[in-house]
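A short worksheet on the structure shown next.
Where a number appears in this text, it was derived from the coordinates with a stated rule and is not lab data. A quick note: this is a predicted structure, and the numbers were derived from the prediction, not measured. Positions of Cβ are backbone-derived with ideal geometry, glycine not excepted, and every protein chain shown enters the neighbour counts.
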Amino acid sequence: MDKVINSYDKIASFYDQLGQLVFNGALKKAQVELLNGYKGKNILIIGAGTGSALKDFEADQFESIDLLDISEQMHDRFFDTGISKSPNINYFLKDGRIPDLQKHYELIMFPFFLDQFDEEEIRKILISYRSTQSKFDDLAIIDFTKPKKFKHKVIAKIMLYFFRITTGYTLNKIPSIFKVSDEILSDAKKKEKHYYGSFIKSSVYSCI
Ligand SMILES: C[S@@+](CC[C@H](N)C(=O)[O-])C[C@H]1O[C@@H](n2cnc3c(N)ncnc32)[C@H](O)[C@@H]1O
């Protein structure tokens, strides 16, 4: 489990703008659409980054919002935003690969978090979250699929190269995240949605 933990510290100051530019808002749109369905609920976001999707909401639209990331710079950027001051919001600087759930969540969301790990590690992460199933209702993964279109293959190559030189990312291809999650969560009800010409997928697994 204890492989390299990437450091997004170096790119935290421009990560959101870059993502917006390359994916024309699709990274955030997929998260906002999902969060819209969990108003009034307790949610946990793993690998939350600057929490940019939350800027479209008021904190009191949710019962509580917990965010978790390992990058101090991402954490600090979140605290530059207005929503971060609300008492029902907590940001934990922690390793999100290991679940440490202190309360019950209606939603645990992994937005563009699992793509940093190989399939073996994704499997371990999802198995350990699955083992805490009494602590949550739905588990959502928003991430990249295997690129099929030429344009997406080019973007994937440039993106992986960029993350390798900036964050210490070690993979040379996008892992088969959804193949692993469909396997681990095979008995859960699943709702899927595609974005950016199917290069991005949102899969919500209802585990209750
Ligand atoms: C690609 S960024 C996605 C950020 C955000 N979810 C978004 O959609 O804008 C991946 C995030 O995962 C965080 N991260 C990497 N390894 C982590 C770990 N082991 N535990 C928690 N967060 C981690 C990085 O610091 C980074 O903020």
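Just a few scattered comments:
- Matching residues in the range 146-178 - criterion: being surrounded by fewer than 19 Cβ atoms within 10 Å (Cβ to Cβ), closer than 27 Å to Leu107 by Cβ and away from the ligand (no atom under 13 Å from the Cβ): Lys146, Ser176
- Restricting attention to the range 142-181, the residues being in contact with a Pro (Cβ under 8 Å, 6 or more places away or on another chain) and not in a helix (DSSP H, G or I) number 3.
- Where a residue in the range 86-98 is over 11 Å from Leu44 (Cα atoms) and its partner, wherever it lies, is more than 11 Å from the ligand (Cβ to nearest atom) and part of a strand (DSSP E or B), with Cβ under 8 Å and at least six apart: Asn88/Ser64; Asn88/Ile65
- Test for Gln31: is it surrounded by 21 or more Cβ atoms within 10 Å (Cβ to Cβ), under 24 Å from Ile125 (Cβ atoms) and not hydrophobic (A, V, I, L, M, F, W, C): yes
- Of all residues in the range 117-132, those that are touching a residue at least 40 places away in the same chain (Cβ under 8 Å) and among the charged types (D, E, K, R) have Cβ atoms under 6 Å from Cβ atoms of residues that are surrounded by 15 or more Cβ atoms within 10 Å (Cβ to Cβ) and assigned to a helix (DSSP H, G or I), 6 or more apart or on another chain, in Glu119/Val180; Arg123/Val180; Arg130/Ile184.
- Any hit, the range 65-82, residues being away from the ligand (no atom under 15 Å from the Cβ) and out of contact with any strand residue (DSSP E or B) (no Cβ under 6 Å at 6 or more places or on another chain): yes
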